Structure formats: C-alpha cells, structure tokens
Amino acid sequence: MEPKLELLKIDCLGKQLRLEGSLAGWQQLFWDNTLVSQKEASVDNGGLKVHVFELTHHSSPLATESGEQAIAMTENKIQVRLETDLVWQPFRLDYCLLQDDKIIDQGRRTEKDIERQTPETPIVKQQKLSMVGLASLGFKLLKSAKVIKVVLAGASVAAYSWLFSFQFALALIACLVFHEYGHIRAMKYFGMKTKGIYLIPFMGGLALSDEKINTRWQDVVISIMGPTFGLLMSIASLIAYHATGNVFFAGLAAFNALLNLFNLLPILPLDGGHILKSISFSMNSIMGLVACAAGAAFGVYISYTLGLALLGFLLLIGSLEIIFEWRTRHQSHLLPLDRYGQIFSVIWYLLTVGALVGIIWHLAGTGDDMLSLPLQILRS
C-alpha cells in the first residue's frame, strides 16, 4: 500500500525532494519523482526517522596542457540524509536535510502548512481523440458556459413551484444558495479553487471544488459552515420579523432552520455525517466505523418513521462512503483532528444545532399554525 499524505516537499540539489507518509507508519522519499528511500509500517508511526540515499555526480572531462581530453569522466558519490521528527497530534514535522554531513536545509511544518499545500499529481498521458473524448469535452464546455447551472436552477424553481408555490420556491432556493455559499466561503478560506453552486431538484444543492482537502479539520469546517450560514440567515429573518411584523420572515426563519437542522443529522452524506466521520475517524478507525454505522441506523429509523424515500437514497450513498472510508483507513491522506480539534468541533456542532432548535421553538410559541409545523416535525 502506498502512503498518500504529503509530509514535506523541498528543493534538494536543484530537484524536488518529496516525503510521503501515513498514520500506519509508512514513509516514502522521492527525489525528482524517483523513489530513493522508504520505511515500512510500524507501531511507532512518528518520532525520529532517518532516510539516507546516494546520488552520483559526473564531473566534466579534464583537458591536458596540450589540449587533449582526459580518458574518462570522474564520478563523485554524494550522500544525502533527511532526518525527520514527526508528531501526529497536534501535527508537527521538524526536518533537517544534510549533504555529506553538512546541513543544507532545515525547518518545521505544522497543520497550517498541510492545509495550504497542493498535493503532487501524476502526469496524465495524452489520449487520442475519440467519441468519448469529444462528449467529455462538450460537457466541460457546457459547464464552463454555466449552462448546466442555469438549467438545474430553472428545473429546481419549476419543481418546487409545482409542489408548493412560486413564492415559496424562490424562498427555498434562497435558503439553499445561502447554505451552499457557506461551503464555498470555507473552501476559499483554505485556498481551494471552487466550481460554484449547483442546485439539484428535490435534492438541494452542491458546492463543488476542483481540489481535495488535506485534513479532517478542513472537512469539519467546510461541512459545518453551510449550516452556520443557514443559522445566520434564520437569525436575520427573525430580526426582520420582529422589526416588521411580517409573518413571511418568520416562516423563512423557521423553515430555513428546519432545513439546516436536517442537514446536520449525523448521517452520511449530509453535513452532519461528514462532521461525525471526521471527528470519530480522528479518534481511531473502529470508533469511526461504529459511529458512522450508528448514524446510518438512525437514518434508517427516521426514513422509515417519516416515510422519507429520498433519505433512503441518501443513506445508500452514505453507506458506500462508509465502506470506502473503512477500506482505505490505512491509506488515508487526511491529517486527523487532534484532541482540541475534536472537542472544538463537537462544541461548534452542538451550539449550531441548539441555536437552530431554539429558533424553531421560539417561533412555534407565537401560536401560528404554520410556524408551529417545524416543531411538530421535530417532535415526531
């Protein structure tokens, strides 16, 4: 199994020196994309490790006083040694690079450096043009022209207008877009390139990025920022309701809170499921599997009790995600949360859930039948 997490990438004698590793203890060192040293998995997955390799330097042929070239080139052996001291939680990597016992580079990397790095990507071979290639190119062109986004947004408005009303559909779309914008802002905070927001009829929305995350903390922040932005929208609507007395703002606050509360259910692939997965798998793989499986069982109960067929479809996708996470647990490229990160994530999650429930509870106390509906759903 090849390690996936890029621990270090520095310059060494004009070429790239890259160290990759995993929580299982694997380490591989590449110089100019060539494997030069590796360490097998071990119980001690951190601490001091030393990688040593040799490079051959060919010197230029020497010329004699008469102008004749020397018979052969000379070869010089250069010994390179990389010493690392690795601590996983909280992540810290101290490194020292030596050439023939002389220090040529040293430094320290932390979780912030891992979050900002761009992982090394393999070179993609050019393929001949084919019908499949032309179809793929056409789809990319459609995406770049934002046609797909417009079509999906129009289909979402039409679908929700058919189920409810045009005014309600616009309000629901606004809630979804503001929620997904929270994910986009979090991605941009971590320096990730985004593809924008895609609205999917009856499914909600998706905030997509061109890049992959490097840490569990990124997964938590990106996942919870959607409901956090939703909470801010409900608070703003609640303030507008008390300022104007317009029941529309009260309805918007209540149903938006319910929508974001549903998204925080600890069920994959919902935002709450991703938060649960990142916290539990940061503890250990067994805890992660048990927690995610319990979340899936809870989802089955809710789906059966409320008759939500759509949730059942989401549970199928979530189950595949759990299986994939478990099978690749020793190869994960994601830096786990430390103890403080786990505690902070739990507190952030509970405060967001509590605030959303509080808004629903407050508006249900107005005596309006429509505003009490979200609370009735929660009680069921």
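The values are calculated or read from the model by the stated rules, or taken from the named source; none is laboratory data. Quick caveat, the model's predicted, so the values are computed rather than measured. Positions of Cβ are generated from backbone atoms using ideal geometry, with glycine treated the same way; all protein chains shown enter the neighbour counts. Only protein heavy atoms, including side chains, enter the accessible area calculation; ligands, DNA and RNA are left aside. Shrake-Rupley method; radii C 1.70, N 1.55, O 1.52, S 1.80 Å.
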Given R₀ = 35 Å, FRET efficiency for ILE323-LEU35 by Cβ-Cβ distance, to 0.05? 0.70
Over the stretch 216-379, with a single point scatterer placed on each C-alpha, what log10 of the ratio I(q)/I(0) does the Debye formula yield at q = 0.09, 0.11, 0.17 1/Å? -0.34, -0.49, -1.00
Cα gyration tensor of the stretch 300-380 - equivalent ellipsoid semi-axes, whole Å, descending: 34, 22, 7
How many percent of the accessible area of the stretch 216-379 is carbon or sulfur, using a 1.4 Å probe? 73
Separation of the ALA243 and TYR301 label points, Cα + 7 Å toward Cβ, nm: 4.2
For the stretch 216-379, what relative contact order do you get, as a whole percent, if you take Cα pairs closer than 8 Å and at least 6 residues apart? 28
DSSP-assigned coil residues among trypsin sites (Lys or Arg not before Pro) in the stretch 195-276, each with at most 15 further Cβ atoms within 10 Å: LYS212
Separation between the PHE166 and SER42 pseudo-spin-labels, each 7 Å from Cα along Cα→Cβ, expressed in nm? 7.1
Average accessible area per residue (Å²) across the stretch 216-379 - probe 1.4 Å, nucleic acids and ligands excluded: 47
Sort the stretch 249-320 into rounded, prolate or oblate with this rule: let a ≥ b ≥ c be the square roots of the eigenvalues of the Cα gyration tensor; rounded if a/c is under 1.5, and if a/c is not under 1.5, prolate when a/b is larger than b/c, oblate otherwise. oblate
